[in-house]
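The values are calculated or read from the model by the stated rules, or taken from the named source; none is laboratory data. Treat the numbers as computed from the prediction; the structure is a model and nothing was measured. Quick reminder, even Gly has a Cβ in these numbers, built from the backbone with ideal geometry, and neighbours come from all protein chains shown.
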Amino acid sequence: MIGYPRIQLKVRRAQVSYLYANGSYSMPALFLITLLAIWTSGPYVLSPLWHAWLVSSVIILAGRTTHLWWRRTRRSTSIRRLEYEYFIGSTCSAIVWCMGLIFFMSRLPDVERMLMLLLSCMYISASGVLLLNSARCFYATVVPIAAVILLELSTELSPSRNLLMAVVLFCLLFAALARRHVLHWQLADLADRYAHAAMARKLKRTTETLRIASQQDGLTELANRGWFDEQLSTYWRRCSRAVSPLALLLIDVDHFKHFNDKYGHQAGDECLRQMGWLIQGALRREEDLAARYGGEEFVVLLPYTGLEGARQMAARIQQALQQKQIPHQASSVASIVTCSIGVAAITPDMHNDSAELVERADVALYRAKRQGRNRIVIAD
């Protein structure tokens with residue numbers, strides 16, 4: 001799963017986020033270790049150089065802490081920049097610590113020298129936790145300090161130094177192995193998390209696609225009969241509560257059977273698609289609904305609309321169809337495709353129901369056909 005570029009990018013971003021989050025916990029430990037080192041070495045190596053080392057250590061740690069706080073209050077899209085900033089801070093800390101070991105260790109008594117070496121081991125451990133999610137920062141910090149410690153221990157062999165050298169090597173090996181195993185677990189966990197999130201999004205898209213398919217007519221891409229019936233019931237209740245009219249247009253393509261006989265069923269399907277697109281294009285409000293009612297019949301539901309508004313919508317649809325100029329030489333009405341429209345509107349109340357609205361529109365459509373087709377008839 002790591003191989004997918006988008007998931008890999010998200011995992012890398014999460015690693016850098018962990019890098020900054022770990023700093024909030026490990027930085028106080030580095031402060032404490034530095035203060036102990038200052039307390040251990042101060043009485044023996046007071047000099048301008050030591051004071052410079054002290055000030056540099058405190059300034060760098062304070063700067064890194066401030067940087068952590070500042071970055072937590074801002075958003076950055078550059079993962080590389082975030083890691084580079086952290087690399088600069090951790091490398092500067094490692095350099096200053098190594099300089100302190102190199103310049104001052106020889107001036108310390110044996111006990112304080114061993115204590116400084118132990119503090120250095122603690123520094124490595126704290127840094128290892130802090131820099132777990134960045135190999136570059138981890139090795140740039142841990143390896144130089146460990147090398148200086150081992151170099152100092154190897155200058156004079158003794159049982160205590162040999163033991164401490166073994167401890168340092170063990171800590172270094174343990175830190176590297178722990179980083180590898182923890183990082184592997186972390187990567188696997190992040191990859192699974194993002195992969196599951198991707199699968200959840202895909203499932204959501206699939207569910208949405210199936211939902212739309214269950215509501216949509218496959219040919220015209222309008223709402224299907226089932227979704228229209230459901231929306232008719234919904235808006236009937238809403239208009240009843242609002243005491244507002246609900247209008248319905250029932251549209252029939254004139255002599256569509258003759259069209260199929262002359263041009264073929266594929267041309268007929270294309271004609272219905274064009275009809276669906278122009279009906280949908282005529283709608284002006286989000287709540288208006290166009291649906292394929294069955295065969296060559298279409299229906300338009302217009303909530304909160306009276307007869308005059310419905311008549312204007314019907315005229316707009318007829319005008320759009322006329323401008324489309326779809327040839328229909330088999331029609332007895334015109335040489336282009338035309339339609340008949342029945343218009344009805346009712347203010348829902350306890351004395352009527354949605355079936356009455358559909359019946360009125362159907363009667364008006366029947367009258368439009370009886371009167372010669374290619375016309376709009378408004379229900380009584």
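Key figures for this structure:
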item: Asp217 being buried (at least 17 other Cβ atoms within 10 Å of the Cβ), of a type outside the set (Ser, Thr, Tyr), out of contact with any His (no Cβ under 9 Å at 6 or more places or on another chain) and at pLDDT below 95; result: yes
item: Only listed residue being of a type outside the set (D, E, K, R) and part of a helix (DSSP H, G or I), chosen from Gln312, Gln329; result: Gln312
item: Top-ranked residue of region 352-380 - restricted to ones that are part of a loop (DSSP other than H, G, I, E, B) and out of contact with any Leu (no Cβ under 9 Å at 6 or more places or on another chain), ranked as surrounded by the most Cβ atoms within 10 Å (Cβ to Cβ); result: Asn374
item: Per-region count, region 48-57, residues within 16 Å of Cys98 (Cα to Cα) and surrounded by fewer than 15 Cβ atoms within 10 Å (Cβ to Cβ); result: 4
item: Leu183 being at pLDDT below 70, surrounded by 14 or more Cβ atoms within 10 Å (Cβ to Cβ) and more than 21 Å from the chain's Cα centre (by Cα); result: yes
item: When residues of region 336-370 are limited to those that are in contact with a strand residue (DSSP E or B) (Cβ under 7 Å, 6 or more places away or on another chain) and of a type in the set (S, T, N, Q), the one modelled with the lowest pLDDT; result: Asn352
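Yes/no matrix, rows are residues, columns are (1) among the polar types (S, T, N, Q); (2) under 16 Å from Glu296 (Cα atoms):
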residue: Gln318; (1), (2): yes, yes
residue: Ile326; (1), (2): no, yes
residue: Ile336; (1), (2): no, yes
residue: Ile341; (1), (2): no, yes
residue: Ala345; (1), (2): no, no
residue: Met350; (1), (2): no, no
residue: Ser354; (1), (2): yes, no
residue: Leu357; (1), (2): no, no
